[in-house]
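Chemist: Sharing a structure here in structure tokens format.
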Amino acid sequence: MAKKDIDWGNLSFGYMETDYRYVSNYKNGAWDEGTLTKDANVVLNECSCVLQYAQTCFEGLKAYTTKEGKIVVFRPDLNAERMISSAKRLRMPEFPKEKFLDAIQQVVRANEDWVPPYGSGATLYLRPYMFGSDAIIGVKPANEYQFRVLTTPVGPYFKGGVKPLTIRVCDYDRAAPHGTGNVKAGLNYAMSLYAIVEAHEEGYDENMYLDAATRTKVEETGGANFLFVTKDNKVVTPKSDSILPSITRRSLVQVARDYLGLEVEEREVYFDEVKDFAECGLCGTAAVISPVGKIVDHGKEIALPAGMTEMGPVTKKLYETLTGIQMGTIEAPEGWIVEIK
């Protein structure tokens, strides 16, 4: 076996069809054994529940080549657990954790030639997802489901280096109190599309969503958690029942405490506080941390002094430490790195 003939250093963050994907079907109250297939197409009835009522959830994680040449994935157990939570909230059957982890092993192993080499800056992105597959016309959960994992090699999220983002305070609400904001449901992302296109049209990179109830507290963007750094190097992350529990954010919090010896606060963050922070970043699988240089609140600019031209010093150290753990140059906490065998 040999690596695919790809210009790994110039990959975009986009979809490229690979050789295999994993598929498992739920019918008559049970999941089948699951299998790998070369067929990238999904065939559905016109009345499938996912098409009518958006009954779908998904995950995102990456496979890396370490300095020693091993292929690894980062904390897939947390993706499995979060998908179970999403499925419960959407009245979908749970895809068992061990079965999820086995599916990841199978699909990465089968697409080993698509895993970018160490030092290329590229990774193999994994997208596990589940959807209601049978015909449903009344408003109710599906009876049959399909779980799949696709893979695609992707380049670094930032081409040509990290450039601090400019974001706006959004007038739209991302998630209602007691809604689905804390699960990775496809419908949450559909609701954010209008706002993100509008933001791009106005020259902004992303939206900052405030809490829907009072519009006084910072929640997240359409697809990433916030991480702030105070002027005395304390790391602060917003806490809310309507925020998606980012695996990257949780990992960065532990890195800040255990590797960098920083004080961390996970609490409600009021928008009025934002002007007093020294650094701001967006946390997610794609970029790990995206630095924010400026936040615009209806024409009023809030500049983050340590991130206007480049990633702030604390944010940069967090980024370097976590990516070092992922790539095998820094020793990882127990259970964080799972080798593909």
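The values are calculated or read from the model by the stated rules, or taken from the named source; none is laboratory data. Not measured: the values here are computed from a predicted model. As a convention, Cβ positions derive from the backbone with ideal geometry for all residues, glycine included, and neighbour counts pool all protein chains shown. Just so you know, the surface numbers come from the protein's heavy atoms only, side chains and all, with ligands and any DNA or RNA stripped out. Shrake-Rupley method; radii C 1.70, N 1.55, O 1.52, S 1.80 Å.
Chemist: Taking a ≥ b ≥ c as the square roots of the eigenvalues of the Cα gyration tensor of the chain, is the shape rounded (a/c under 1.5), prolate (a/b larger than b/c) or oblate?
Modeler: Working: a/c = 1.81, a/b = 1.24, b/c = 1.46.
It is oblate, given that a/c is not under 1.5 and a/b is not larger than b/c.
Chemist: Pick out, in residue order, every one of the GluC sites (Glu not before Pro) in region 46-80 that is DSSP loop and has at most 14 other C-beta atoms within 10 Å; say none if there are none.
Modeler: Details: sites: E46, E59, E68; in loops: E46, E59, E68.
Hits after loop and neighbour filter: E46, E68.
Chemist: Now for a different question. For region 89-167, which trypsin sites (Lys or Arg not before Pro) pass both filters: DSSP loop (anything but H, G, I, E, B) and at most 16 other C-beta atoms within 10 Å? Kindly include the intermediate steps, with their values, before the conclusion.
Modeler: Details: sites: R89, R91, K97, K99, R109, R148, K159; in loops: R91, K159.
Here the sparse-neighbourhood loop sites are R91, K159.
Chemist: Keeping the other protein chains in place, figure out the carbon and sulfur percent of the accessible area of the chain, with a 1.4 Å probe. Don't jump to the answer; show the numbers that get you there.
Modeler: Values: 7680 of 15770 Å².
Percent of accessible area from carbon and sulfur atoms in the chain: 49.
Chemist: Turning to a different aspect of this structure: Take each of the peptides 208-221, 257-270, average the number of other beta-carbon atoms within 10 Å over its residues, and list them starting from the highest.
Modeler: Taking the mean over residues of other Cβ atoms within 10 Å, the ranking is 208-221, 257-270.
Chemist: To the nearest Å, what is the center-to-center distance of region 77-101 and region 229-257, using C-alpha atoms only?
Modeler: Centre-to-centre (Cα) distance: 23 Å.
Chemist: Which of the lysines could a cross-linker bridge to K97, judged by Cα under 25 Å and excluding same-chain residues fewer than eight apart?
Modeler: Within the straight-line limit of under 25 Å, K97 reaches these lysines: K27, K38, K62, K70, K88, K184, K341.
Chemist: Then there's this: What's the center-to-center distance, using Cα atoms, between region 260-303 and region 188-227 in Å?
Modeler: For region 260-303 versus region 188-227, the Cα centre distance is 13 Å.
Chemist: Would you mind working out the accessible area per residue for the chain, using a 1.4 Å probe, and quoting it in Å²? The partial results should precede the final answer.
Modeler: Values: 15770 Å² over 341 residues.
I get 46 Å² per residue for this part.
Chemist: For region 73-231, what is the percent of antiparallel DSSP beta bridges, rounded to the nearest 5?
Modeler: Numbers: 12 of 15 bridges.
Bridges in region 73-231 are about 80 percent antiparallel.
Chemist: Run the helix sum for the chain: -39,500 (n - 2.57) per DSSP H stretch of 4+ residues, divided by residue count, reported at 222 nm to the nearest 500 deg cm²/dmol. Show your work: numbers first, answer last.
Modeler: Numbers: 6 runs with 76 residues, N = 341.
That comes out to -7000 deg cm²/dmol.
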